[in-house]
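Visitor: Please read through the structure below; I'll follow up with questions.
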Amino acid sequence: MESFLQFRDAYALQMVLENVRGFTSIQSHERDTTSWRHPLAIPAYASSVSVVLLLLQTGLSLRSAKLPPSPLEQERHVGEEYFPGHASLWSRFKRHVSKLGGLTIFLFRITRVLCVLVLLALSIVTLFARKGHSDSSHPETTNSDTGIAIGRLAPNFLLGLAICLVYLYSLFLGVLSLVAGPQGSSRAKGHLVFVLLVTFAVYVYRDIWPLLTFTESPADLHEGPLIWAKIVFLGTAALVIPLTAPRQYVPVDPKEPASEPNPEQTASILSLAIYSFLDSTVFLANRLPHLPQEKLPPLADYDYATNLVKRSFPHLDPFSGARKGHMFFGLMRVFYQEYTVLSLMAIIMAFSGFISPLGINKLLSYLETGGEGAIVRPWVWISALFWAPMVSTLSFQWYIFVATATLVRSEAIITQLVFEHSLRIRMKAEASDSTSKSAPSTAVATPDNTSVVDEQSTAHDEARDETTPSETVSTAKGKQSPVKEQSMDSKDDDKFFKDGSAKASNLVGKINNLVSTDLANITEGRDFILLVLYAPLQLIVCVWFLYKVLGWSSFVGMMVMVLLFPVPGYVARLIQHAQVQTMKRTDARVQNVTETMNVLRMIKLFGWEPKTDARIADKREEELQWIKRRSFLEMGNEMMNYLIPVSTMVVTFATYTLIMKQELKPSTVFSSMAVFDLLRDQLGMILRFTSAIIQAKVSVDRVSDFLRNSELLDSFALQKQADAGEISLHGSPADPQTIGFHDAAFTWSNDADINGSYTPSKRIFRLQVEGDLMFKRGSINLIIGPTGSGKTSLLMALLGEMHFLPSGPDSWFNLPRDKGVAYAAQESWVQNETIRDNILFGAPYDEVRYNKVLYQCALKRDLTLFDAGDQTEVGEKGLTLSGGQKARVTLARAIYSSADIVLLDDILAALDVHTARWIVDKCLKGDLIRGRTLLLVTHNVAMAAPIADRVITVGLDGKVSSSDTVAEAIREDKDLSAEIKEEMEETEKALEEIDAEDPEAPDAKKADGKLTVEEDIALGHISWDAMKLYLTSLGGSHVALFWIAFMTGTLLVDASNISQTWFLGYWAEQYDIRPASEVRVSFYLMIYCLLALISVIIYSSAFVVYVFGSLRASRSIHRRLIESILGTTLRWLDTTPTSRVITRCTQDIRTIDGNISMYLRWLLEMSATLLMKFAAILFVTPIFVIPGTILTGLGGLIGQIYMKSQLSVKREMSVAKAPVLGHFGAAIAGLTSIRAYGAQKAFKSEAYNRINRYTRAARTHYNLNRWVCIRIDALGGLFTAGLAAYLIYGPSRNERVPSEAGFSITMAVSFSGIILYWVRILNALEVDGNSLERVQAYITIEQEPKPTQDGIPPAYWPSSGDLKVESLCARYSANGPEVLHDISFHVKSGERVGIVGRTGSGKSSLTLSLLRCIPTEGTVYYDGRPTSSINLDVLRTGITIIPQVPELLTGSLRENLDPFSQYDDAALNSALRASGLFSLQSEDDEGRITLDSTISSGGGNLSIGQRQIIALARALVRGSKLLILDEDHHTDSVIQNSLRRELGGDVTLITVAHRLQTIMDADKIASLF
């Protein structure tokens, strides 16, 4: 018995050991694969990694907590004691919830904790159920002595236990995210999401993926319903809650959190992905007529200009520690996070784009094989036709979301960077590089205050938004000679950059170009990631896909593409050349139009409208010829982009069938077609982006050169030298309050010749102070000297604007600024603000002091002219103020300031003598100046001498001396003595004025506080009248024929393209019908090529028809606009700013030429394509007319909602952009004044505010585009997937051949992709349609009577200057009050009549009435004929008027005397001699005026007297029988003598007199009351 028991025990032990060995040998592999290598072990590993990382983070956090808190943290902790220690538990809880982001976020976290708790409970239940299952299937074979429980080693139990521990750890993290502080909660939340996502991914792989296949089944089905409950709760916790929970707002600067965060900062991930955080803005815009700026989403604090500056300047600004190197790398350091995201999105886009072609291939293969060998179920590929495009769309839209945010931020950063650096640079005049070939001229190259920067068109932003480079045109004012075709290319090349944009001829213009043209180029080149990463990656994937489908034949096709690739590159270069030439012609036309609009009043008074119209039309025709050439080249480029992929596809298919002897299947054809379309897109993108990126690089170089190499003021240059360790040796005054110089020399540039530097007049100049020059404190210091001696330079040197050249170590100059400095420039500078704001200039308002300033500066009377008083806005460059008013506002600013030192630069020059005397007596002698140190530069020495305590004289050699009295200075300087004598004579003449105005006399108010009428802002969609204007102009006199031809061609092109797709499927279908040997490949290739050729021919024909139509429309609309403006009334011109008229003729016309023409063509082509593709889908599946109609309706509804909001936001964006550039331009123009007042900080702050307003609108504008893109693409994806589902699972699925299904799906995919672009193009056309509305409004303005055949007098008329006026009444408008009442007089031919009267009595109105410039009643007979019966152009040609301030044209003197080349030089020189010009100059004068002398804009380089002499010469050239002279106190005696001597005996002279001397020899005197 004992032996038996021993044997039994031995046998049992042996069996146990064998079982263990068996378990070890059999189950060890299972344990390897199902325990530590089992997929269910992955969550445990993820949890382990999370634990380690969490411990490390906690340790680092504790370590940092032991360190002394930073000031930022101290500031943050200050606000944490909001609730004291005795606060209630509820208060503490509310505060805790608030810290975690609010109640909504807290509830989402609680929900996630509950989900995890449920998952833990379900896992525990599963674990014990699994253990019971294990016990029944694997009984414990234990020995009572050993107690071994083999079943406990079962892998399922261990894995179940691991999952329970994972959920237990997740529960701990969830609770921690509820109870910890903000930092700890955020850390726990991140770890929790990571662990849950990994776990969810494992269950998707084990239990969801098998459901998508024919061959596998879920791995955890044995758990029954519990597994699906687990997946639901796990998906909710891991995906749904993280995607839908709002995000906590984290301020960029904890010390200055946003009062209202942007919804973008708190929106959930899902809301961000589909842009639903904009829903409230979109629907609000649809409820309001117009969405104002205040209703837009608030600006996110990471887009605040101040935060952008803090973020970027350390990498870009040389004065903020930026590294030396190319600016591109600095920008990359600023935007490295954005470009990391962009790169990731580009990679996702590159791969997700191939899922749809793969889905088409698999679906058609399924139909071809009947499902044999299929692994993945067809509904998976059907759903892929929806979610794959959605993934691609989400990634692409997020790419653009980040890219446009980068665009707006870079605009803000670079604008502010250039602005702040401009505050450091020396504003020196730059001489033009071009030299005139004409005789010496008196023209002076004076810098303009601002350059003309065309506002970027609406479509430009649209194009930038879609990451497509757009064309920009920049114009700059400058001297312009007559444009000749044969010399345009060679002579003007130096006026343009390589991109065709006009170069600025001065530093201010260059700076403005940096923030307009160059900034636009830089932002357009932001998408280089698409060129260097996305395009190559997608090309690689394209080749791989084609190789998998078509074998090595794909490489043959790619070789063809590579060989043909240089062709579109060559065409692109031709297009670029044509674009440059077009921009040159556009600039020439714009220059001509601008000049015309600036002197439009003169043109009307001279009756030059027809000839001016003809001249502009010639310029326009040159421009249109180059536009036509460019359009045809663009057509060739589009043809090449179409033919290259077609050629590639034909060669590939030919190789595949003829050489490789393979059968062409529908699955192969339609999937490869989709990939060939991608190749075509990549080809076009590479061509577009290459030129844009090259231009961006050039613009970055320009900005970088400006930042690194522009000449700095000495103070900043010394700072850079100090940073570099260099030492500058010069002395300093013993008394820091001293104002003056000691042994100092100054030049306008530090890189000039040793003798000096160029002044604006190209004269080498050097200011020299030998010994001491001290200004007397608390007194008036007069600075005098001959013209051009350097008086202004003395002030500039004192202000630090010039380059200091110390003569030795004890040289110095000093201007104490501790008590403030005020400065009034000679060229008055005002901001586009109210008059009060211009005077206060940021200083506190003191009513008593302010009213004194108004009185002493003679501004009280001026303010009575405005209903708005001092709240009247002065407009851009002070357009609502006269020159004298601007000068007095500039003076008032200096007087009102509390500065102890006041510098006034020739403030009396722009004032008439009476006002100047008032300023001297009331202001400079007044109590506001008393006790302050005043430095006054003036030419009016006689008037200013009595108030001077000290006199400083500047000689023509630049040397400065001082004396105590004016008499001493005059005695020592003969040139100065001569100038003073001349000025005293002018003053005496002025005192003879018979209608002088008292500066403080009250006057009647204007009817409106504004000098100009408000411009109407169109709300809603473009009007039909405006659109009709363009649509009818396209066809000209054959509107119906044009539209029939173009639309027929467009529809036929789409029909041909659809036929090509259908024919490829038909070709592939033949392999299923007959043996491959019987399929004639060459026949099918020939037919396909023939269809492609037909498409090209028809498209080219339709394109040519449209190009000629668009040129016809551009020519017609421009002609009608110019004729309307030239034919309007003077009253309309008085109430409409010239800048507004110029905008219509330049910017709006450019939009009509480019964007409207292009967008309308695209819209019509896309509409035809949508219609034809939808018809093709219905041909195969007629039942889809219902879903298609629903889709179209929904798409239209979404489009309307989008456009309503986008139009409002776009207009707000345009409105917000102008003040940014306006403030920038005004500040650059007034840099000297800003630096003198020390107002740099205030101007930076204002720039921040304006940039923030623009950024707020711009970000919303770009984000709204993302909103509509996501929704339209989703609709398109649903339509495609629904069609595919019907084709695969529909009732007639067994009867449908694969080629039909492939054709229908391909059409649906294409149809869905076009819908979005159709909506976007329609929106762009609506926005740019504003230009059409504005032009159409100007075409219908009030007009003067048009010429008629009956209004042409005989050729001899007028033969005399006889003038008879009977009962003449006149008014300025048809309904206005009469300004002339029943006037009658008779002037015989050859008589001289003087007209006198008080101001406002109607003297000027009478002259306008004689020319029929205002509505009149009564009769005026000129040479026996009533003027009302004579055409206006003939009447005004027979009368010549010389106004007080004659208007001159930019160009040569010859062009001013004879603008239309009607006379020879002999006649012109005779007129100049007769006018007295030659008597004022000798033949050997270096700067004598000749016919070839250049006249600057408005005659700015000539004195008023010289301008009137030229105007007289122009009148003599015209030979009019009636001459009207409106003289003023500047009119020279030379003109009077010329009029007495040179006028013929039959020429009647009417003089509107201001001085008695002028009318002493008049035959008659008419007095108006």
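The values are calculated or read from the model by the stated rules, or taken from the named source; none is laboratory data. These numbers come from a predicted model, not from an experiment. All Cβ positions, glycine included, derive from the backbone under ideal geometry; neighbour counts span all protein chains shown. Just the protein is used for accessible areas: all its heavy atoms, side chains included, with ligands, DNA and RNA removed. Shrake-Rupley method; radii C 1.70, N 1.55, O 1.52, S 1.80 Å.
Visitor: Considering only segment 1475-1488, I want to know if a residue exists there that is open to solvent by less than 60 Å² (accessible area, probe 1.4 Å), part of a loop (DSSP other than H, G, I, E, B) and at pLDDT 80 or above.
Guide: Narrowing segment 1475-1488 to residues open to solvent by less than 60 Å² (accessible area, probe 1.4 Å): 1475-1478, 1481-1482, 1487-1488.
Then drop every residue that is not part of a loop (DSSP other than H, G, I, E, B), which leaves 1476-1477, 1481-1482, 1487-1488.
Filter once more, keeping what is at pLDDT 80 or above: none.
So far as segment 1475-1488 goes, no, none of its residues is open to solvent by less than 60 Å² (accessible area, probe 1.4 Å), part of a loop (DSSP other than H, G, I, E, B) and at pLDDT 80 or above.
Visitor: Got at least one residue in segment 1177-1186 being open to solvent by 10 Å² or more (accessible area, probe 1.4 Å) and of a type in the set (F, W, Y)? Outline the logic, then answer.
Guide: Going residue by residue through segment 1177-1186, those that are open to solvent by 10 Å² or more (accessible area, probe 1.4 Å) are 1178-1180, 1182-1186.
If we keep only those that are of a type in the set (F, W, Y) as well, we get 1179, 1184.
Checking segment 1177-1186: at least one residue is open to solvent by 10 Å² or more (accessible area, probe 1.4 Å) and of a type in the set (F, W, Y).
Visitor: Something else: Which condition number does W1062 fail, the rest of (1) open to solvent by less than 70 Å² (accessible area, probe 1.4 Å); (2) within 17 Å of T1169 (Cα to Cα) being met?
Guide: Going through the list (1) open to solvent by less than 70 Å² (accessible area, probe 1.4 Å); (2) within 17 Å of T1169 (Cα to Cα), W1062 breaks only (1).
Visitor: Now for a separate question. For the structure I just gave you, tell me whether L197 is open to solvent by 10 Å² or more (accessible area, probe 1.4 Å) and either within 23 Å of L62 (Cα to Cα) or modelled with pLDDT of 90 or more (or both).
Guide: Numbers: open to solvent by 10 Å² or more (accessible area, probe 1.4 Å): yes; either within 23 Å of L62 (Cα to Cα) or modelled with pLDDT of 90 or more (or both): yes.
So L197 passes the test.
Visitor: Within segment 630-651, does at least one residue satisfy the condition of being among the polar types (S, T, N, Q), modelled with pLDDT of 85 or more, within 30 Å of G1154 (Cα to Cα) and part of a helix (DSSP H, G or I)?
Guide: So far as segment 630-651 goes, yes, one or more of its residues are among the polar types (S, T, N, Q), modelled with pLDDT of 85 or more, within 30 Å of G1154 (Cα to Cα) and part of a helix (DSSP H, G or I).
Visitor: Related question: Can you confirm whether A1068 is within 30 Å of N1323 (Cα to Cα), touching a helix residue (DSSP H, G or I) at 6+ places or on another chain (Cβ under 9 Å), among the aliphatic types (A, V, I, L, M) and surrounded by 15 or more Cβ atoms within 10 Å (Cβ to Cβ)?
Guide: Taking the combined requirement at face value, the residue does not satisfy it.
Visitor: Does A121 satisfy the criteria of being surrounded by fewer than 17 Cβ atoms within 10 Å (Cβ to Cβ) and either modelled with pLDDT under 85 or at positive phi (or both)? Explain how you work it out, then say what you get.
Guide: Details: surrounded by fewer than 17 Cβ atoms within 10 Å (Cβ to Cβ): yes; either modelled with pLDDT under 85 or at positive phi (or both): no.
No: the conditions fail for A121.
Visitor: Let me ask something else. Give the number of residues within segment 627-645 that are out of contact with any Pro (no Cβ under 9 Å at 6 or more places or on another chain), within 11 Å of V1096 (Cα to Cα) and of a type in the set (A, V, I, L, M).
Guide: 3
Visitor: I'd like the residue in segment 812-866 that is surrounded by fewer than 20 Cβ atoms within 10 Å (Cβ to Cβ), free of Cβ contacts under 8 Å to residues at least 60 places away in the same chain and aliphatic (A, V, I, L, M) and, out of all such residues, is nearest to A910 (Cα to Cα).
Guide: The extreme case among them is L863.
Visitor: Count, please, the residues in segment 1432-1474 that happen to be assigned to a loop (DSSP other than H, G, I, E, B), touching a residue at least 12 places away in the same chain (Cβ under 8 Å) and not polar (S, T, N, Q). Steps first, please.
Guide: Kept after step one, since they are assigned to a loop (DSSP other than H, G, I, E, B), are these residues of segment 1432-1474: 1438, 1443-1450, 1458-1464.
In the following step, the residues that additionally are touching a residue at least 12 places away in the same chain (Cβ under 8 Å) were identified as 1438, 1443-1450, 1458-1460, 1463.
With not polar (S, T, N, Q) added as a condition, the list becomes 1438, 1443, 1445-1449, 1458-1460, 1463.
Number of matching residues: 11.
Conditions (1) over 26 Å from A1229 (Cβ atoms); (2) modelled with pLDDT under 90; (3) under 35 Å from the mean Cα position of the chain (by Cα), marked per residue:
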| position | (1), (2), (3) |
| --- | --- |
| S789 | no, yes, no |
| T792 | no, yes, no |
| L805 | yes, yes, no |
| P809 | yes, yes, no |
| W812 | yes, yes, no |
| Q831 | no, yes, yes |
| A868 | no, yes, yes |
| T872 | no, yes, yes |
| E876 | no, yes, yes |
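Visitor: H326 is checked against (1) open to solvent by less than 60 Å² (accessible area, probe 1.4 Å); (2) in contact (Cβ under 8 Å) with a residue 40 or more places away in the chain and fails just one. What number does that condition carry?
Guide: So H326 meets the others, but not (1).
Visitor: Which of the following residues is free of Cβ contacts under 8 Å to residues at least 12 places away in the same chain, out of contact with any Lys or Arg (no Cβ under 7 Å at 6 or more places or on another chain) and among the polar types (S, T, N, Q): T1189, T1169? Give the derivation first.
Guide: Working: T1169 fails: free of Cβ contacts under 8 Å to residues at least 12 places away in the same chain.
That would be T1189, the only listed residue that is free of Cβ contacts under 8 Å to residues at least 12 places away in the same chain, out of contact with any Lys or Arg (no Cβ under 7 Å at 6 or more places or on another chain) and among the polar types (S, T, N, Q).
The rows are residues; the columns are (1) crowded, with 20+ Cβ neighbours inside 10 Å; (2) modelled with pLDDT of 85 or more; (3) under 30 Å from P389 (Cβ atoms); (4) not basic (K, R).
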position	(1), (2), (3), (4)
E1326	yes, no, yes, yes
A1337	no, yes, no, yes
T1340	no, yes, no, yes
P1353	no, yes, no, yes
G1361	yes, no, no, yes
K1364	no, yes, no, no
S1367	no, yes, no, yes
L1380	yes, no, no, yes
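Visitor: What tally of residues in segment 1401-1455 results from selecting those that are on the phi > 0 side of the Ramachandran plot and open to solvent by less than 20 Å² (accessible area, probe 1.4 Å)?
Guide: 2
Visitor: Here's a follow-up. Taking S1245 as the residue in question, decide whether it is surrounded by 23 or more Cβ atoms within 10 Å (Cβ to Cβ) and either not charged (D, E, K, R) or not in a loop (DSSP other than H, G, I, E, B) (or both).
Guide: Working: surrounded by 23 or more Cβ atoms within 10 Å (Cβ to Cβ): no; either not charged (D, E, K, R) or not in a loop (DSSP other than H, G, I, E, B) (or both): yes.
No; evaluated as a whole, the condition is false for this residue.
Visitor: Taking the conditions exactly as written (at pLDDT below 80, assigned to a helix (DSSP H, G or I) and either among the polar types (S, T, N, Q) or surrounded by fewer than 19 Cβ atoms within 10 Å (Cβ to Cβ) (or both)), does S365 satisfy them or not? First the steps, then the outcome.
Guide: Working: at pLDDT below 80: yes; assigned to a helix (DSSP H, G or I): yes; either among the polar types (S, T, N, Q) or surrounded by fewer than 19 Cβ atoms within 10 Å (Cβ to Cβ) (or both): yes.
Taking the combined requirement at face value, the residue satisfies it.
Each row is one residue, and each column tells you yes or no for (1) in contact with a Cys (Cβ under 8 Å, 6 or more places away or on another chain); (2) part of a helix (DSSP H, G or I); (3) surrounded by fewer than 21 Cβ atoms within 10 Å (Cβ to Cβ).
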| position | (1), (2), (3) |
| --- | --- |
| V282 | no, yes, no |
| P289 | no, no, yes |
| K310 | no, yes, yes |
| A322 | no, no, yes |
| E338 | no, yes, yes |
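Visitor: Could you list, in sequence order, all residues of segment 237-249 that are touching a helix residue (DSSP H, G or I) at 6+ places or on another chain (Cβ under 8 Å) and open to solvent by 40 Å² or more (accessible area, probe 1.4 Å)?
Guide: Pass one, segment 237-249, residues touching a helix residue (DSSP H, G or I) at 6+ places or on another chain (Cβ under 8 Å): 237-239, 241-249.
L239, L243, T244, P246, R247, Q248, Y249, listed by residue number.
Visitor: For segment 1218-1229, does any single residue satisfy the condition of being within 28 Å of the chain's Cα centre (by Cα) and over 30 Å from G800 (Cβ atoms)? I'd like the intermediate steps shown before the answer.
Guide: Narrowing segment 1218-1229 to residues within 28 Å of the chain's Cα centre (by Cα): 1218-1229.
Checking which are over 30 Å from G800 (Cβ atoms) leaves us with 1218.
Yes, some residue in segment 1218-1229 is within 28 Å of the chain's Cα centre (by Cα) and over 30 Å from G800 (Cβ atoms).
Visitor: Just to verify a result, which residue in segment 1073-1093, among those that are touching a residue at least 60 places away in the same chain (Cβ under 8 Å) and under 21 Å from M1307 (Cβ atoms), is farthest from the chain's Cα centre (by Cα)?
Guide: Of everything passing the filter in segment 1073-1093, Y1088 is farthest from the chain's Cα centre (by Cα).
Visitor: Anything in segment 1120-1141 that is open to solvent by 30 Å² or more (accessible area, probe 1.4 Å) and within 13 Å of E595 (Cα to Cα)? List them, or say none.
Guide: Within segment 1120-1141, T1138, S1139 meet the criteria.
Visitor: Can you find even one residue in segment 897-905 that is open to solvent by 10 Å² or more (accessible area, probe 1.4 Å) and either within 38 Å of the chain's Cα centre (by Cα) or of a type in the set (K, R) (or both)?
Guide: Checked segment 897-905: at least one residue is open to solvent by 10 Å² or more (accessible area, probe 1.4 Å) and either within 38 Å of the chain's Cα centre (by Cα) or of a type in the set (K, R) (or both).
Visitor: Here are some residues: I947, I895. Which one is modelled with pLDDT of 90 or more and in contact with a helix residue (DSSP H, G or I) (Cβ under 7 Å, 6 or more places away or on another chain)? Break it down into steps so the answer makes sense when it comes.
Guide: Details: I947 fails: modelled with pLDDT of 90 or more.
I895 is the lone residue from the list that is modelled with pLDDT of 90 or more and in contact with a helix residue (DSSP H, G or I) (Cβ under 7 Å, 6 or more places away or on another chain).
Visitor: When you look at T880, is it in contact (Cβ under 8 Å) with a residue 60 or more places away in the chain and over 29 Å from T1136 (Cβ atoms), yes or no? Steps first, answer last, please.
Guide: Details: in contact (Cβ under 8 Å) with a residue 60 or more places away in the chain: yes; over 29 Å from T1136 (Cβ atoms): no.
In short, no.
Visitor: Got a number for residues in segment 551-571 being of a type in the set (G, A, S), assigned to a helix (DSSP H, G or I) and surrounded by fewer than 18 Cβ atoms within 10 Å (Cβ to Cβ)? Give the derivation first.
Guide: From segment 551-571, those of a type in the set (G, A, S) are 551, 553-554, 557, 569; that's our starting set.
Within this subset, residues satisfying the condition of being assigned to a helix (DSSP H, G or I) are 553-554, 557, 569.
Next, from what is left, pick out any that are surrounded by fewer than 18 Cβ atoms within 10 Å (Cβ to Cβ): 569.
Adding up the residues that qualify gives 1.
Visitor: Residues of segment 219-236 being within 24 Å of S177 (Cα to Cα) and either open to solvent by 50 Å² or more (accessible area, probe 1.4 Å) or of a type in the set (G, A, S) (or both), which ones? It would help to see each step written out before you state the result.
Guide: Here is the first cut: in segment 219-236, the residues within 24 Å of S177 (Cα to Cα) are 230-236.
If the condition is that a residue be within 24 Å of S177 (Cα to Cα) and either open to solvent by 50 Å² or more (accessible area, probe 1.4 Å) or of a type in the set (G, A, S) (or both), then V232, F233, G235 are the ones that fit.
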